[in-house]
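K.L.:
Mind having a look at this structure? Questions to follow.
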Amino acid sequence: MQVVEEAVVKGEVSEGLSKSPAHAVKQSKKNKKKKKKKSKKNRGKIFSCAPTTDKKREGPVVRGNFLLQAAPGCHIIHGINPPKWIVGMDTFFAEDFGLSSDTVEQMPDISIDPESGLLTCVNKHESNIRTFYISVSCKVLDADLKDMENGMARDIDGKAFSCVTFVVVLPPQALIDICYLQRPLAHDDNSDLMDNSVYKLYSDVQDIPTSQYVPPLLNSVSYSAVNMLKAIDEKEKYCNYTFPFKVFLDLSKPTNSHSNSDKTLARSSNSSRHGIDPILCSQGFCGCFTHFFQATRHAIDLECPVSTPILAVADGTVVEVKQDNVVSGIHASNLYKWNSIMLKLDDGQFVEYVHIETNSVMVKVGDRVQRGQHICNSGDVGFCPRPHLHIQMHNSDKKDAPTIPFGFKRCILAPNAMHSSKADNSAIEDLQKSADEDDAYFIPEAGKFYTEYGLYCA
Ligand SMILES: [Zn+2]
């Protein structure tokens, strides 16, 4: 019985393909629905489906060194561990679509079923990981036909608009049915079923050689970035940087309200302070949102309001300034439209500050800067769901040079420098002791707050 069904399936697909590749996908989906029941177990074999506990949606969720709440309207799928809300995932066999190795390129990377609106992505490549950043401006339904969260973006004229963005990372030869796109009512006239423009779909597709891809630890809440740096002999060298913000706590009214359960996100509302609040790290090294490419792997995202002063992490020279862009938010078309400043540090490393505020740079190319100097203000420009600073380090200024792990040197209390009272000094000392490790350095991890003294958990 099953054999007969398979034969019919193949017949239908090749017939469909003569019309268009998208049609082939559509036919395949119909058949897959039939096959799904028996093949569901097989999915686990190939992609080790280990769903994460996703019940507490309301609370802060850190996954893959990324704070999920930091990107409203963005939905992340790493194919080695896909979330439960997707419609389905399977191995891609060209022959299932009536294709051979010669004709497999006819299969589109991204397709939308004209009837159901099913959004499908395929990685036909035999060894590369394929990444997709896809934005649509329409209503989106998940596998249970529930509305998926949308988010906001800002266009070149400063106008805000709503969209939904998918971050999809597919292993070689994999096919994923993501969700259902809903055709806007005004277009329900069957005028052109194959015209995907009604969904305003925008995509950016890139390949990563499998050897360069480090799978984010999607199930891990605590990600030890510090371990990554222990592999480097010259830790002193790579962690000798000043935190790029001055939080300047007023600790005259210290609070001792931290408990172990909410230690990482504790933010005391009744403690008075001057300057800026402790800084939330929303994505750390190997973050599953945007930090899994070689050129971003060792980047850190630090959330702060637009116009927060940003400091030089060490002495150096300004080598590049980009500050004309204005777009913002979660739309994939913003991926390469950031503002940034790059310094060549005197230790030979290059540090890049990204998403900075338009026209906020206070230095120019060639200028010398000193450790701790205010060089620009933070912003929200580029592919930037919420205002934050993305900071990363390279040992070359070449385009797409790999990032290198780095950390910050914990500020040591200078007697009488900032806080005159004994009470303040002892409070800062307590703060230093309560940091995650009795270490001179710290590497921010997603979901935790930091100051120049390290992990903040007052
Ligand atoms: Zn980042």
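The values are calculated or read from the model by the stated rules, or taken from the named source; none is laboratory data. On a predicted model such as this, the values are computed, not experimentally measured, just so you know. No Cβ is skipped: glycine too gets one built from the backbone with ideal geometry, and neighbour counts run over all protein chains shown.
K.L.:
Taking into account only those residues within the stretch 373-384 that are away from the ligand (no atom under 13 Å from the Cβ) and not in a loop (DSSP other than H, G, I, E, B), which is surrounded by the fewest Cβ atoms within 10 Å (Cβ to Cβ)?
P.N.:
His374
Table: residues versus (1) modelled with pLDDT of 95 or more; (2) touching a strand residue (DSSP E or B) at 6+ places or on another chain (Cβ under 6 Å); (3) closer than 28 Å to Val327 by Cα.
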residue	(1), (2), (3)
Gly98	no, no, no
Leu118	yes, yes, no
Asn123	yes, yes, no
Ala160	yes, yes, yes
Val164	yes, yes, yes
Cys179	yes, yes, yes
Met194	no, no, no
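K.L.:
Sticking with this one: Count, please, the residues in the stretch 286-341 that happen to be surrounded by 22 or more Cβ atoms within 10 Å (Cβ to Cβ) and assigned to a strand (DSSP E or B).
P.N.:
Residues that pass the stated criteria total 9.
K.L.:
Let me ask something else. Considering only residues that are among the hydrophobic types (A, V, I, L, M, F, W, C) and either over 26 Å from Val136 (Cβ atoms) or without any contact (Cβ under 8 Å) to a residue 40 or more places away in the chain (or both), which ones fall in the stretch 329-350?
P.N.:
Result: Ile341, Met342, Leu343, Leu345, Phe350.
K.L.:
May I ask you to list the residues in the stretch 276-317 that are away from the ligand (no atom under 11 Å from the Cβ) and of a type in the set (Ser, Thr, Tyr)?
P.N.:
Correct list: Ser307, Thr308, Thr317.
K.L.:
Checking Ala314 against (1) over 14 Å from the mean Cα position of the chain (by Cα); (2) of a type outside the set (S, T, N, Q); (3) closer than 30 Å to Phe132 by Cβ, which single condition isn't satisfied?
P.N.:
So Ala314 meets the others, but not (3).
K.L.:
Kindly indicate whether Gly366 is at pLDDT 95 or above and surrounded by 18 or more Cβ atoms within 10 Å (Cβ to Cβ).
P.N.:
For Gly366, the condition - at pLDDT 95 or above and surrounded by 18 or more Cβ atoms within 10 Å (Cβ to Cβ) - is not met.
K.L.:
Residues in the stretch 133-157 that are touching a strand residue (DSSP E or B) at 6+ places or on another chain (Cβ under 9 Å) and either assigned to a loop (DSSP other than H, G, I, E, B) or of a type in the set (A, V, I, L, M, F, W, C) (or both): how many?
P.N.:
Adding up the residues that qualify gives 15.
K.L.:
Among the residues of the stretch 385-400, write down those that are within 11 Å of the ligand (Cβ to nearest atom) and either among the aromatic types (Phe, Trp, Tyr) or farther than 13 Å from Val313 by Cβ (or both).
P.N.:
Passing the criteria: Pro385, His388, His390.
K.L.:
Inspect the stretch 110-117 for any residue being in contact with a Pro (Cβ under 9 Å, 6 or more places away or on another chain), surrounded by fewer than 22 Cβ atoms within 10 Å (Cβ to Cβ) and assigned to a loop (DSSP other than H, G, I, E, B) and give the result as yes or no.
P.N.:
No; the residues of the stretch 110-117 include none that is in contact with a Pro (Cβ under 9 Å, 6 or more places away or on another chain), surrounded by fewer than 22 Cβ atoms within 10 Å (Cβ to Cβ) and assigned to a loop (DSSP other than H, G, I, E, B).
K.L.:
Continuing with this model, one more query. Is at least one residue of the stretch 239-249 farther than 28 Å from Asp346 by Cβ, more than 16 Å from the ligand (Cβ to nearest atom), crowded, with 22+ Cβ neighbours inside 10 Å and at pLDDT below 70?
P.N.:
Yes, the stretch 239-249 contains a residue that is farther than 28 Å from Asp346 by Cβ, more than 16 Å from the ligand (Cβ to nearest atom), crowded, with 22+ Cβ neighbours inside 10 Å and at pLDDT below 70.
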